[in-house]
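Since the structure comes first, as structure tokens, the remarks are kept for the end.
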Amino acid sequence: MINRNALKTRVLSSLEKVFADEELRAPEWKSGTMLNNETYSFQVAYHWDNYMLKNVKVEVRSELAPHITIYSVGLVPSDMPCYWDHDDNVLRTTPGLYPDPLMKTSCEGITLLPKQWRSLWVKISPEGQAKAGIYPIEIVFCSKEGEELGEAVFSLELFETALPPQSLIHTSWFHTDCIATYYSLEVFSEEHWERIGQFLETAVKYGINMILTPLFTPPLDTEVGGERPTVQLVGVEKVNDQYHFNFDKLERWVSLCLEKGVQYFELSHLFTQWGAKHAPKIMATENGEYKRIFGWDTDAAGPAYRNFLEQFLPELLKFIEAKGLEERVYFHVSDEPHMSDLESYRAASGIIRELVQGYPIIDALSNYEFYEAGLVPNPIPSNDHIEDFLENGVEKLWTYYCCAQYKKVANRFFNMPSARSRILGMQLYKFDIHGFLQWGYNFWYSQHSKYPIDPFKVTDAAQAFPSGDPFSVYPGADSPIVSLRLQVFYEALQDLRALKLLESHIGREKVIELLEEDLDKPITFSEYPTDAEWLLRKREKINRIIQEYNN
């Protein structure tokens, strides 16, 4: 008979990270509330003080059991958790194993490893199919012989009110080539389309409602002179200086995206990253030969590429209009131009603005001068360079973060507390942000796309970016594996929706007063509460006020 005292459990919020090699200091969080169409998560941390025990079953005992999924929080390595000059709002700075992938527990159960704290992730998704009420949720650990080893209990109050649909436009770049490479699939084979559908479905489920659409192979994170695998949706035939276009693959892409719930299409950049000096890689059939006709050797502002765009973009707009996508499409010029690129960006932007008049053009950049000069109608400044844009009242403003946003502002690195990711929802609400961009939904290559990596072993793009920056989803054998970071970010999106709902009852000004009523300073993108408990209790208060208005 196993000593029942060998298993210790502790109920935690979703905003804690449990490390196997350190003592657990996180406070318990044993109860919570949720609206009836959102997802709520908590964790059960456990510590085993005995010989290793395999095939331990985890049982859920609750009326909500049909709506509950249990995951084991997996550990993955990080060689590079942060930059050397990081700020103080981090959990640790050492390389090692970090909690991140949420692995579904198998029929064989879990293994209790001695002298380690590990964690189970408990996700509740009623999807409006459960009655309002207070539900105890008991998580029970049982040996394969059926002996109960320990348990943990959480109390969840489910309200009848529903969150409104997400109004924020959110894109996290969808790397079609990485899917083909990891699974060893021919690009746009039937198997590839099936995998694309799986990853689209997961993206939409977690609030990504805009998808990067590779008209041509996206010129993103590519070494100068190098190439990424061809994932071009538009067929091109070149006859002398004339071009003919086939949109069959693009049509299939659009149909699949719409089927999976995608609302917006972010058309891939028409000029190279970091300067807009060259054309993206574009493949075409010429005299029966399929070959590259544009790329790093193409002058972005030269007559050859301009001639191509003058023929291509009108045909693309006809396709967009025929499919009724006019309100769903956004164009890009070039990603992250710097001040030294102002003139090359000016030339490239001028071509696109002339040819796609009336359609929104968005680009991630940090210098207000690009917007001031009228070069980018819809700028996306990083969250650590957004102040100039806010002070000048830029309408329908977006924001983004990537590896460079690691001081003071919100981000999602492995070594950052989860509260630092979730606070973004409240910041997006306060500043009425229209869209949010992040570059790495599934970037499973090294920096500059030189070679593929195994994301279960390499989490920093081969010691290039802090772990957690390049991707938020893992390639499972049967289906995508989400990270706890993706789940926490979705909680931030749910917070945003809850604030929008509350605004419909009490007005925007009073919502902001409620957010800041117990703070010494107003919330900004660089000043905000860093305490997880503050976030959790604030959301609980918001829920209860919303429920009062719906009784």
Short version: ³J(HN,Hα) in whole Hz for each residue of the stretch 13-22, in order, from phi by Karplus 6.51 cos²θ - 1.76 cosθ + 1.60 (θ = phi - 60°), x for Gly and Pro, what are they? 6, 6, 9, 9, 10, 9, 9, 6, 10, 9
Work from the charge dipole of the stretch 169-483 (Cβ charges, +1 for Lys and Arg, -1 for Asp and Glu, about the Cα centre) and give the residue of 366, 278, 410 farthest towards its positive end. 410
Size of electric dipole in the stretch 169-483: Cβ of Lys, Arg +1 and of Asp, Glu -1, about Cα centre, debye, nearest 20: 680 debye
How many nm separate the modelled label positions at residue 49 and residue 537, each set 7 Å beyond the Cα in the direction of the Cβ? 3.1 nm
Between residue 304 and residue 354, Cβ-based FRET efficiency (R0 22 Å, step 0.05) works out to 0.80
Amide H of residue 12 versus every other amide H placed in the peptide plane: which residues, excluding those fewer than 5 positions away on the same chain, fall under 5 Å? 29, 43, 44, 45
If the cut-off is a Cα-Cα distance under 13 Å, which aspartates and glutamates reach residue 457, setting aside same-chain residues fewer than 8 apart in sequence? 79, 100
What percent does the relative contact order of the stretch 169-483 come to when contacts are Cα pairs within less than 8 Å and at least six residues apart? 17 percent
Sequence order, the stretch 151-159: Karplus ³J(HN,Hα) from phi using 6.51 cos²θ - 1.76 cosθ + 1.60, θ = phi - 60°, Hz rounded, Gly and Pro as x, gives 8, 9, 10, 10, 10, 10, 9, 9, 8
Considering the convex hull of the alpha carbon atoms of the stretch 169-483, report its projected area averaged over all viewing directions, in nm², one decimal. 15.5 nm²
Residue-normalised 222 nm signal for the chain, counting each DSSP H run of n ≥ 4 as -39,500 (n - 2.57), nearest 500 deg cm²/dmol, is -8000 deg cm²/dmol
For the pairs 17/541; 57/450; 57/260, note any where the Cα-Cα span goes beyond 32 Å. 57/450; 57/260
Check: C-alpha center the stretch 137-203 vs C-alpha center the stretch 229-265, spacing in Å is 28 Å
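How large is the charge dipole for the chain, taken about the Cα centre, if only the Cβ atoms of Lys, Arg (+1) and Asp, Glu (-1) carry charge, to the nearest 20 debye?
Here the size comes out at about 1140 debye.
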Using Cα centres only, tell me the gap between the stretch 329-399 and the stretch 490-551 in whole Å. 31 Å
Which cross-chain or sequence-distant (5 or more) residues have an amide H under 5 Å from the amide H of residue 232, H modelled 1.01 Å from N in plane? 217
Report the label-to-label distance for residue 372 and residue 514 in nanometres (one decimal), using points 7 Å from each Cα along the Cα→Cβ vector. 3.9 nm
What is the set of long-range amide H partners of residue 76 at a cut-off below 5 Å, with H atoms built 1.01 Å from backbone N? 98, 100
Sorted from largest to smallest, which semi-axis lengths in Å does the alpha carbon gyration tensor of the stretch 1-150 give for its equivalent ellipsoid, taking the root of 5 times each eigenvalue? 27, 23, 13
In square nanometres, what is one fourth of the surface area of the convex hull spanned by the alpha carbons of the chain? 25.9 nm²
Residue-wise HN-Hα coupling along the stretch 91-98, computed from phi with Karplus coefficients 6.51, -1.76, 1.60 (Hz; x: Gly, Pro): 8, 6, 10, 8, x, x, 8, 10
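Every number in this text was worked out from the coordinates using simple rules, so none of it is lab data. Source: prediction; values computed, not measured. Every residue, glycine among them, receives a Cβ derived from its backbone with ideal geometry; neighbour counts consider all protein chains shown.
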